[in-house]
Every structure is written in structure tokens, then in C-alpha cells.
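Below: the structure, in C-alpha cells.
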Amino acid sequence: MKALEHIRKPSKLDQKTASESYDTLASVIEQLHSEQPEIEIEETGEKIKIPLSALKLLGDILKGMGQGKLISLVPIATEVTTQAAAEILGCSRPHLVKLLEDGKIPFTKVGKHRRIKFDDMMRYRKQMKEQQKQNIIDIMNSDEETGLYDS
């Protein structure tokens, strides 16, 4: 499995299909009693066993797609390239390299190439989201104190 495919927003048709499929799958999952249920592919008639955890993950994917969210699957504990990390973090590759060189995100070098552990990248992303939230709260409090919103 590739660590990161081309990331694109689901089309309206994909969103509708995913949303409808999620509702059905969520209902079916509640009725399952096996940890490895057998499912049938209607178009081919083939039956496969799938771990219940994978079926639940599929449900999460369908739910997110139905909401129009970008979905990316990355195996845990893998390392990603600087380009993949930049795409996931929503920044340019040069900016990401600066973050690495400044020690903001740990990395290793494989030859000349930098590799970032997925967990380290996601930890940094979470810290940045928390910092952004705090900055917004600080700005709102400052605006309130200065009377910006007084009539």
C-alpha cells in the first residue's frame, strides 16, 4: 500500500454514494456477531472474509467522504517523505524542511533524503492546531478587552 495517494476532495457523486453506503454499513455492522464476517461482492458473486475492524474503518472512510472530507490512509509507524508530509500538513515542502532543520519535527536521513515518522508529523500537526485555537481565543479576548465589539 502506498503511504499517500494523490489527495483530492470527493466529488458530489462520491459524497452522495459514500453517505448512502455509510448509513447501510453502519446499520449492518451493529448486527454482526463475527470478528471476521463474510461479505459478498454483488457484481462478481465472490465472497470474502474481512476483519470487523477493517469493516469499521471502511465505515469511517465512507462517513468522512460523505461529509466531503479529504481521506488519506497511512500505515502507522511508517515514515513519509518531505513532500508527503508537506501535503498532509498543508504547507510547502521548503517550509516543512525549515521546520525539520529548526528541530520542530524529528526526522532521519536516508542518504540525502529526509524521512519523517508519521506519528511525529501528526503530533506536530496536533500541537499547531491547539496553538491556532489558543491564538484565536487570545485575539477574541483582546478584542473584547479593547471594546472592539461594543456598540
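A short reminder: the numbers here are calculations on the coordinates, not readings from a lab. Computed from a predicted model, the values in this text were never measured in an experiment. All Cβ positions, even for glycine, are placed from backbone atoms using ideal geometry, and neighbour counts span all protein chains on display.
Using C-alpha pairs below 8 Å separated by at least 6 residues, the relative contact order for the stretch 12-66 is 49 percent. Report the FRET efficiency, 1/(1 + (r/R0)^6), for SER11 and LEU73, where r is their Cβ-Cβ distance and R0 is 25 Å, rounded to 0.05. The value I calculate is 0.85.
Remark: the stretch 63-106 projects, on average over all directions, an area of 3.8 nm² (convex hull of Cα atoms). Ordering GLY103, GLN132, SER142 by Cα displacement along the dipole of the stretch 79-145 toward the positive end leaves GLY103 in first place; charges were set at the Cβ atoms of Lys, Arg (+1) and Asp, Glu (-1). Helical content alone sets the calculated 222 nm signal of the chain at -17500 deg cm²/dmol, taking -39,500 (n - 2.57) per DSSP H segment of four or more residues and averaging over every residue.
Note on the chain: GNM, Cα springs under 10 Å; of SER27, SER92, SER72, the largest mean-square fluctuation is that of SER27. Which lysines, if any, have their Cα less than 18 Å from the Cα of LYS12, not counting same-chain residues under 8 positions apart? Of all the lysines, those that pass the test against LYS12 - Cα under 18 Å, at least 8 places apart if same chain - are LYS63, LYS69.
Evaluated at q = 0.08, 0.13 Å⁻¹, the base-10 log of the normalised Debye intensity for the chain, with identical point scatterers placed on the Cα atoms, takes the values -0.39, -0.84. For the stretch 79-145, the Cβ-based charge dipole about the Cα centre amounts to some 660 debye (Lys, Arg positive; Asp, Glu negative; other atoms uncharged).
Translational diffusion of the stretch 12-66 was estimated from the Stokes-Einstein equation, with Rh taken as the Kirkwood radius over Cα pairs; at 4 °C and 1.567 mPa s the coefficient is 110 µm²/s. Largest GNM mean-square fluctuation across ASP119, ASP60, ASP138, computed for the chain with C-alpha springs under 10 Å, falls on ASP138.
For the chain, the longest piece that avoids every one of the GluC sites (Glu not before Pro) found in DSSP loops with at most 13 other C-beta atoms within 10 Å covers 47-151.
Quarter the surface of the alpha carbon convex hull of the stretch 79-145 and you get the mean projected area, 4.9 square nanometres.
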